[in-house]
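Structure first, commentary second.
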Amino acid sequence: MHICIFEDEYCTKLLPLAHLRPVFELRCGITTLREKITRSYLEAELILHVRDYLSKVVQEKKPDISVNDIPVGVKEVLFINGRLLMSDKVRKNIGDKYPGKDTVYRKNKVPVAAWLSNEHLEWMNAFLKNHVLVSGCFEPMEVEELSDADLITFPWELIHQNGTQLVSDFNIITEGNPRVLGDVYEGAHLLNPSQIHIAAGAKIKPGVVLDAEEGPIYISKDVNIMPNAVIQGPAFIGENSVVKISSKIYENTTIGETCKVGGEVEESIIHAYSNKQHEGFIGHSYLGEWVNIGADSNSSDLKNDYGNVKVYNDGAVVDTGSQFVGLLMGDHSKCGINSMFNTGTIVSVFCNLFGAGTPPKYVPAFAWGGADGFVPYRIEKAIEVAQKVMSRRKVQLSGAEMDLFKKVFTMTMEERSAGGIKDGGD
């Protein structure tokens, strides 16, 4: 069996979080969207379809997987939308065998999955190499409706689904048998320990409270939870991460691999390799990779009038339909000490923010400055800083990644210009 996880025309609505990665590599709960799909098809050969400018980096990171190409001789492929939050019900409806005729499974006319063979598959393979898949690619063929499918459309939906996915992922990964394998020091407190998993090499220092009475807590390998930190479940702490002294990590929070986190964090996702080490608050927020939040910085996640939060998304202002949306910050962006962010602020990739006052609610990619104005963040300097930051975590920046950064810099020139930031400055 072969499955192809694909990006569709709605991928731009998941920017800036998806500028430097396919949408299916976004995290929700413990795992990424891709990992939720592949664990439902453990015996299948995987094919990935991504935007053309991402293909070299994706292929570099996954050399054993076909990217934007269906291997010769493959007769049938199950295509699965990379924005899908895979569930047992959807998995059962799609099945794991070709149904005898090419079939597309849709929700509100958007393809969730499709079985393709023969001429459809040949045409699709040619299309994969240079295009994002659109709804019309799966016509004409048999149509089945999947009303229970959940496709992630906007970044804040990842945040709002995070608690449910934390519980689901915890139960699947632990197989209903969480264990304490790491070191729990005398003076640490585990509340409802049957819902706490502590992997080998993790250290839970004196005074720590792991409170799983309202949801499970998963502590990964080699995590260091420093003294007097409190973590409320559902929560996940990724490998090699550090939770600083007296941190307050509230429910529905995911902290990815190799992060340093302190202060107060509530209902947020920190993807990986990012730091929010000091006092200050983020809530209902999503931080990408290689992000650094300065000391005593805060993000609002609730308007004073308790109204729905509106955000800038894909060229338009969108009503999120929620009272709670905090900061969305793309990869390699940073803010200085005492930074303040309004409710629903979007900071794109490679931004460097500093100074007094609150920045605008949308900061375009490669912007350098703050409330007093911005200049372009020169691509040469951005790459130089990225190399320094990544080398501190013993990660080497590849040539393909440098080319990707340059491509995104060029792609985002228009949005900087629209924001009054003229490229060519210092």
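Some observations on this one:
- Taken together, the residues in the stretch 121-137 that are crowded, with 18+ Cβ neighbours inside 10 Å and either over 18 Å from L48 (Cβ atoms) or of a type in the set (S, T, N, Q) (or both) amount to 1.
- Of the criteria (1) at pLDDT 95 or above; (2) crowded, with 17+ Cβ neighbours inside 10 Å, which one T164 fails: (2)
- Considering residues of the stretch 334-344 that are closer than 18 Å to H284 by Cβ and either surrounded by 24 or more Cβ atoms within 10 Å (Cβ to Cβ) or hydrophobic (A, V, I, L, M, F, W, C) (or both) only, the residue nearest to the chain's Cα centre (by Cα): G344
- Within the stretch 20-42, residues that are over 30 Å from C351 (Cα atoms) sit with their Cβ atoms under 9 Å from residues that are crowded, with 21+ Cβ neighbours inside 10 Å and of a type in the set (D, E, K, R), at 6+ positions apart or across chains, in these pairs: K36/D169.
- Residue among V57, V72 that is of a type outside the set (K, R) and free of Cβ contacts under 8 Å to residues at least 40 places away in the same chain: V72
- Residues of the stretch 61-114 that are among the hydroxyl-bearing types (S, T, Y) and under 22 Å from L128 (Cβ atoms): S66, Y98, T103, Y105.
- The set of residues from the stretch 176-195 being buried (at least 18 other Cβ atoms within 10 Å of the Cβ) and either aliphatic (A, V, I, L, M) or part of a loop (DSSP other than H, G, I, E, B) (or both) comprises P178, G182, V184, A188, L190.
- Screening S117 against (1) surrounded by fewer than 18 Cβ atoms within 10 Å (Cβ to Cβ); (2) within 22 Å of L85 (Cβ to Cβ); (3) not β-branched (V, I, T) leaves a single unmet condition, (2).
- Within the stretch 351-373, the set of residues being touching a helix residue (DSSP H, G or I) at 6+ places or on another chain (Cβ under 8 Å) and among the aromatic types (F, W, Y) comprises F366 only.
- Scanning the stretch 371-409 for residues that are on the phi > 0 side of the Ramachandran plot and either assigned to a strand (DSSP E or B) or buried (at least 17 other Cβ atoms within 10 Å of the Cβ) (or both) turns up just one, G373.
- Considering the stretch 1-58, and only residues there that are more than 17 Å from the chain's Cα centre (by Cα) and closer than 23 Å to K109 by Cβ, the residue that is surrounded by the fewest Cβ atoms within 10 Å (Cβ to Cβ) turns out to be E9.
- Listed by first and then second residue, the pairs linking a residue in the stretch 263-282 that is at positive phi to a residue that is assigned to a strand (DSSP E or B) and among the acidic types (D, E), with Cβ atoms under 9 Å apart and 6 or more places separating them unless they lie on different chains, are G280/E264.
- Residue match in the stretch 308-330 (condition: more than 20 Å from the chain's Cα centre (by Cα) and crowded, with 22+ Cβ neighbours inside 10 Å): yes
- Unmet requirement for S268, which otherwise passes all of (1) surrounded by 21 or more Cβ atoms within 10 Å (Cβ to Cβ); (2) among the polar types (S, T, N, Q); (3) under 26 Å from A418 (Cβ atoms): (3)
- The lone exception for E35 - which of (1) at positive phi; (2) part of a helix (DSSP H, G or I) it fails: (1)
The values are calculated or read from the model by the stated rules, or taken from the named source; none is laboratory data. The structure presented is a predicted model; accordingly, all values stated were derived computationally and were not measured. Virtual Cβ from ideal backbone geometry, glycine too; neighbours counted across all protein chains shown.
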